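Accompanying notes for the structure given below.
The values are calculated or read from the model by the stated rules, or taken from the named source; none is laboratory data. Please read these numbers as outputs of a predicted model, since none were measured by experiment. Every residue, glycine among them, receives a Cβ derived from its backbone with ideal geometry; neighbour counts consider all protein chains shown. In case anyone asks, the SASA skips ligands and DNA or RNA and just uses the protein heavy atoms, side chains included. Shrake-Rupley method; radii C 1.70, N 1.55, O 1.52, S 1.80 Å.
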Amino acid sequence: MSAHEQFADDLALLALGQLQGEERIALEKHLEECAACRRELEQLRGDTALLALSAAGPAPPRRARERLLKAIAKEPRSPKMAARRWSWTLIPWFAAAAFALAFVFFFRQSDRLAQRVAELQSESTQQQAQLDRAREVVATLTATDAMRVTLIAGQTPPQPQGKAIYVRNRSSLVFLASNMPALPSRKAYELWLIPTNGAPIPAGVFKPDAHGSATVIEPPLPAGVEAKAFAITVEPEEGSTTPTMPIVMMGAGE
Ligand SMILES: [Zn+2]
């Protein structure tokens, strides 16, 4: 296996801001001396932006979706697996990885990545909870009844953008943001679900990475709330129960 292949999946995670620790350090070191991987990373970051822009568009190709769901649902074929590169104590990496792979898969439809999803699933025999969570995320991303909301702020490039994908009957939310401005110290962004009736509901506190990317995956939400819109405010890093004005980003259902 060449160094590039070894890093291929980590690049997808890095592009999504989901790679941490030793693996991130190793990859960043490799990136310093490898133009090919730097190009690949740029391409993946482009795909991430593309998804943020196009998640409200046509559904992913049906066949790609079915193949991915099948790969994730497949029972482990062998209890004995090759050496693990993942530290499962750093969960929810599996969910993040499956999410990242689902993400990239729809937009690059790479067999290599589909295979990696299957491998991750096999590696996770003792990680049923994480697997269930990954399934939930994929189900949310691919749900035909999902509410897909784009949140924007201002017109100055690079324009911050958020994409909320919300499935009301499962109380399931996946949120992706790009080009988010850096925050003052001890502050964080907080996502709010604005219901059709009643007060805004906290839907996750997050901080963007060095590239301004952020994700909120499956925050705890009350059951079955009908959403009118989603909004973001800047809050103390522990989060607030009611939004502090002003709203910095906002979007309503399409
Ligand atoms: Zn390389």
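Being of a type outside the set (Ser, Thr, Tyr), touching a strand residue (DSSP E or B) at 6+ places or on another chain (Cβ under 7 Å) and either modelled with pLDDT under 90 or within 19 Å of ALA15 (Cβ to Cβ) (or both) narrows it down to one residue among PRO160, PRO222, PRO246; which is it? Break it down into steps so the answer makes sense when it comes.
Numbers: PRO222 fails: either modelled with pLDDT under 90 or within 19 Å of ALA15 (Cβ to Cβ) (or both); PRO246 fails: touching a strand residue (DSSP E or B) at 6+ places or on another chain (Cβ under 7 Å).
Only one candidate passes the filter, namely PRO160.
Would you check if there is a residue in the stretch 173-182 being open to solvent by 30 Å² or more (accessible area, probe 1.4 Å) and touching a His at 6+ places or on another chain (Cβ under 9 Å)? Yes - at least one qualifying residue is present in the stretch 173-182. Scanning the stretch 218-230 for residues that are open to solvent by less than 30 Å² (accessible area, probe 1.4 Å) and not in a loop (DSSP other than H, G, I, E, B) yields ALA227, ALA229, PHE230.
Yes/no per residue for (1) assigned by TED's automatic domain parsing to the domain that holds GLU42; (2) free of Cβ contacts under 8 Å to residues at least 60 places away in the same chain; (3) touching a helix residue (DSSP H, G or I) at 6+ places or on another chain (Cβ under 6 Å); (4) not in a loop (DSSP other than H, G, I, E, B):
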| site | (1), (2), (3), (4) |
| --- | --- |
| GLU190 | no, yes, no, yes |
| GLY212 | no, yes, no, no |
| ILE232 | no, no, no, yes |
| THR242 | no, yes, no, no |
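Comparison of PRO200, PRO208, PRO220 shows that the only residue that is closer than 15 Å to PRO160 by Cβ and of a type outside the set (A, V, I, L, M, F, W, C) is PRO208.
Selection of the stretch 23-49 for residues being modelled with pLDDT of 85 or more, more than 11 Å from the ligand (Cβ to nearest atom) and surrounded by 14 or more Cβ atoms within 10 Å (Cβ to Cβ) yields ARG24, ALA26.
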